[in-house]
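J.: Sharing a structure, written as structure tokens. Questions coming.
The values are calculated or read from the model by the stated rules, or taken from the named source; none is laboratory data. Since we're looking at a predicted model, the values are computed, not measured. Neighbour counts are summed over all protein chains in view; Cβ atoms, including those assigned to glycine, are modelled from backbone coordinates with ideal geometry.
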Amino acid sequence: MDYIRSAIELQSDVRADVRVGRINISNNGADGHNPRDFNQDRRPYHLTPHLLHVFSGFGVGGAEVRTATLMNELGGRYRHSILSLNGDLQCMERLSSDLDVRLVDPPDLSGNLLQRLLRIRALLKAIAPDVLMTRNWGTIEFALANRFMRICRHIHHEEGFNHDESARQLPRRVWTRRFAFGGVDAVFTPSRHLAEIARKVWWTPREKISCFPNGINCAAFQGEPDGDAIPGFRRVKGETVVGTVAAIRKVKNLSRLVRVFAQAAKGRKARLVIVGAGEDMENVQAEVARCGVADQVYFPGYLSDPAKFMGLFDLFALSSDSEQMPLSVVEAMAAGLAVVATDVGDVKNMVVVGNQPCIVPESDEDSFVKCLQTLIDDVEKRTSLGRQNREKALREYTAAKMAETNDALIKSVLGKI
């Protein structure tokens, strides 16, 4: 039987002030420690519920940032273990220094499905969490492993689709979700659109579906932005800055945004700032060159703190093929920005009613151009919409509200017999 190594090994690739240890079940019990003893240096085990968070990767994406924000807001109410299947731990930098967090080495996922599921079950038995927290399709095998003769309670989070399912869900995945979700205590989504998919397409019973919005630290987005927060960027008097924040992946379709901006900015003093990094960068930069707007589009790369720079934009644009409840839109709203976006997921319902005409069908680039032109030209309109968006964010999309609803969900699952 595999067991947990008790020694704490601070990781060089995460913040050293976060209380982080590593759980490794590959030493065949050589150190003789019982898997339930890995928190023996903390408070008594039974007093603080233990959550095991499983991610495809704990990089800086919407679901990961949301989880980090939630963990910070929940504080010491829970102990946490994080398992990143691809080893990416970049989002660890966002965790508060007073959290009790352990890192879990992923199991060997080679071989056939049965072999993988057996190894996952061995890991779950060794870690023995109070609640397993899986996220999106990339962790579905953990849901399958816990489907029968369950080892722990289970909340599965669905927060969006990647490029391969942006237009149409893959039948094999639909059937797998239908089967896997039969063994979970709850399916959570921040999106009403996705909640309907869970009920109608994945056949998840209504009583198992929990849907409440994402939240952020809205207070951090108030006040004046840091003028030096975007390296190499300075605002120019009389210029309108259109901004976006996104992982540069195909599903974000930033080439569409470049095309739309190139048309909307003709004859106007405007600049597009694309904050982010990713594998589709080459294609997006090629589109910039093709459209002849290289002097009007700036790529500062990945920046870790949107609260410092979001206010440097005059308006926010989103061009994705698929979203559910994007955190970047919530952040833009909290910063007091009007939003022009494709009509995907819950985006139209997120913004205030007056902003909704600027949420356009993803195939209608002409309307996207017209909306962008309108808000570039009309300072009073975009300022008014931005102020209303900020007020809505402060009412509905705070981290405190998100923590309250998620805490209630976790406690309801923990209370099940």
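J.: Any idea how many residues of segment 396-417 are among the basic types (Lys, Arg) and in a helix (DSSP H, G or I)?
T.: Of the residues in segment 396-417, 2 are among the basic types (Lys, Arg) and in a helix (DSSP H, G or I).
J.: Something else: Within the group Asp295, Asp305, which residue is surrounded by fewer than 18 Cβ atoms within 10 Å (Cβ to Cβ), over 22 Å from Asp164 (Cα atoms) and at pLDDT 95 or above?
T.: So the residue among Asp295, Asp305 that is surrounded by fewer than 18 Cβ atoms within 10 Å (Cβ to Cβ), over 22 Å from Asp164 (Cα atoms) and at pLDDT 95 or above is Asp295.
J.: Could you list, in sequence order, the residues of segment 328-343 that are assigned to a loop (DSSP other than H, G, I, E, B) and either buried (at least 23 other Cβ atoms within 10 Å of the Cβ) or among the acidic types (Asp, Glu) (or both)?
T.: Answer for segment 328-343, where residues must be assigned to a loop (DSSP other than H, G, I, E, B) and either buried (at least 23 other Cβ atoms within 10 Å of the Cβ) or among the acidic types (Asp, Glu) (or both): Ala335, Leu337, Asp343.
J.: Oh, and also: If I go through segment 144-168 residue by residue, how many of them are farther than 24 Å from Leu124 by Cβ and in contact with a helix residue (DSSP H, G or I) (Cβ under 8 Å, 6 or more places away or on another chain)?
T.: 6
J.: Further question: Considering only segment 150-170, I want to know if a residue exists there that is among the aliphatic types (A, V, I, L, M) and under 14 Å from Ala63 (Cβ atoms).
T.: Scanning segment 150-170, I find at least one residue that is among the aliphatic types (A, V, I, L, M) and under 14 Å from Ala63 (Cβ atoms), so the answer is yes.
J.: Output the qualifying pairs, or none if there are none: Cβ atoms under 7 angstrom, residues six or more apart or on different chains, first residue in segment 79-98 and closer than 17 Å to Ile127 by Cβ, second residue modelled with pLDDT under 90 and buried (at least 21 other Cβ atoms within 10 Å of the Cβ).
T.: Ser81/Ile23
J.: Could you check how many residues of segment 256-278 are of a type outside the set (A, V, I, L, M, F, W, C), free of Cβ contacts under 8 Å to residues at least 60 places away in the same chain and not in a strand (DSSP E or B)?
T.: Total satisfying the criteria: 5.
Here is a yes/no grid of residues against (1) under 18 Å from the mean Cα position of the chain (by Cα); (2) more than 18 Å from Ile248 (Cα to Cα):
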residue: Leu303; (1), (2): yes, no
residue: Ala307; (1), (2): yes, yes
residue: Leu312; (1), (2): no, yes
residue: Ser320; (1), (2): yes, no
residue: Glu323; (1), (2): yes, no
residue: Leu327; (1), (2): yes, no
residue: Val339; (1), (2): no, yes
residue: Val344; (1), (2): yes, no
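J.: Please work out which residue is nearest to Val258 (Cα to Cα), limiting yourself to segment 279-290 and to residues that are crowded, with 17+ Cβ neighbours inside 10 Å and out of contact with any strand residue (DSSP E or B) (no Cβ under 9 Å at 6 or more places or on another chain).
T.: If we take residues in segment 279-290 being crowded, with 17+ Cβ neighbours inside 10 Å and out of contact with any strand residue (DSSP E or B) (no Cβ under 9 Å at 6 or more places or on another chain), then Glu287 is nearest to Val258 (Cα to Cα).
J.: Quick test for you: out of Arg77, Arg121, Arg150, pick the one residue that is surrounded by 16 or more Cβ atoms within 10 Å (Cβ to Cβ), of a type in the set (D, E, K, R) and either within 22 Å of Ser412 (Cα to Cα) or in the same structural domain as Arg178 (by TED's automatic domain parsing) (or both).
T.: Selected residue: Arg121, the only one of Arg77, Arg121, Arg150 that is surrounded by 16 or more Cβ atoms within 10 Å (Cβ to Cβ), of a type in the set (D, E, K, R) and either within 22 Å of Ser412 (Cα to Cα) or in the same structural domain as Arg178 (by TED's automatic domain parsing) (or both).
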